Amino acid sequence: MAEEPKIKNVSFQEIFHSQNDIKDKFLSRLFGIFSEDIVRIWCNDSQSPYLDLGRPTIKIDDEKRGRTMDFTFQSRDNGKNFVGELKCELEYENYRYMTLTGYFGEIGHLFGMKTAGCPVKSATPIL
């Protein structure tokens, strides 16, 4: 009889935080692309509270070019629209954001905010 293959449990950190920077950057981007698909599939389900209306381009005041975001969600409940951006920064800044602890200051850099030493608890997006 053939021996059954042994399955090894591997943690998320072991996969995405190796000793190989190039591999980790690649896996981070690949995971990010896959994550966007998961959200779109979820929105296609009739039980999802949101519809995915596509990728919006947001232009702020006098900007010449807008910023294309990942999602426009529409609430199935009240019809309100929400713009969403999915980030997969597993490897970014030496894995600093691989494990989030739940306060807005961890993602303030996405909005150009300087948050070191002063965690931002909330922000009002300008759309």
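Some notes on this structure:
- Given (1) closer than 21 Å to residue 27 by Cβ; (2) within 15 Å of the chain's Cα centre (by Cα), index of the condition residue 71 fails: (1)
- Listed by position, the helices (runs of 4 or more DSSP H) contained in the stretch 1-113 that have at least 3 residues being at pLDDT 85 or above and loosely packed, with under 14 Cβ neighbours inside 10 Å are 21-44.
The values are calculated or read from the model by the stated rules, or taken from the named source; none is laboratory data. The model shown is predicted, which means the values in this text are computed figures rather than measured ones. In this analysis, Cβ positions are derived from the backbone assuming ideal geometry, glycine residues included, and neighbour counts consider all displayed protein chains.
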